[in-house]
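Notes to accompany the following structure.
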Amino acid sequence: MKRAIEEVLAMQVPLAVVLAERSMTLGQVLGLGPGIVIEFEKSVAAALDLYLGEKRVASGKAVRIGENFGLQVTEIVDPREVVNGIGSGR
């Protein structure tokens, strides 16, 4: 059993940082072009969310690491909630 848990914990998983979300009609999306600006109802100072699949696992603030983007974690979701929620929607 311990080996199985170790194998699961060693799995590579996809993570995504979500800047903001909004809904648009299909017509609006198809009308997008270079130079179009899409406004989101989220402050530039608001925390960014970190997702494992469809489950939010943490949040934090954007940081610069050399020429790359990073996330400084400021809040972590209870790991039990993450495990229980894997595969469910946001």
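FYI, it's all coordinate maths here, none of it is from the lab. This structure is a prediction, so every number in the text was calculated from the model and none was measured. Here Cβ is always computed from backbone atoms with ideal geometry, including for glycine, and neighbour counts include all displayed protein chains.
Quick notes on this structure:
- In terms of overall dimensions, the range 14-85 has a Cα radius of gyration and Dmax of 15.1, 43 angstrom.
- Table column - 3J(HN,Hα) (Hz), the range 49-59, Karplus curve with 6.51, -1.76, 1.60, x for Gly and Pro: 9, 9, 10, 10, x, 9, 9, 6, 10, 6, 9
- Our estimate of slack between residue 24 and residue 46, defined as 0.36 nm per intervening residue step minus the Cα-Cα distance, is 5.8 nm.
- Label-point separation, residue 64 to residue 77 (7 Å along Cα→Cβ), nm: 3.1 nm
- Sorted peptide list for 51-59, 15-23, 27-35, criterion being average Cβ within 10 angstrom, highest first: 51-59, 15-23, 27-35
- Set of aspartates and glutamates near residue 61 by C-alpha distance (under 18 Å), chain-local residues within fewer than 8 positions excluded: 21, 41, 49, 75
- Contact order relative to length of the chain, as percent, for alpha carbon pairs under 8 angstrom and 6 or more apart: 24 percent
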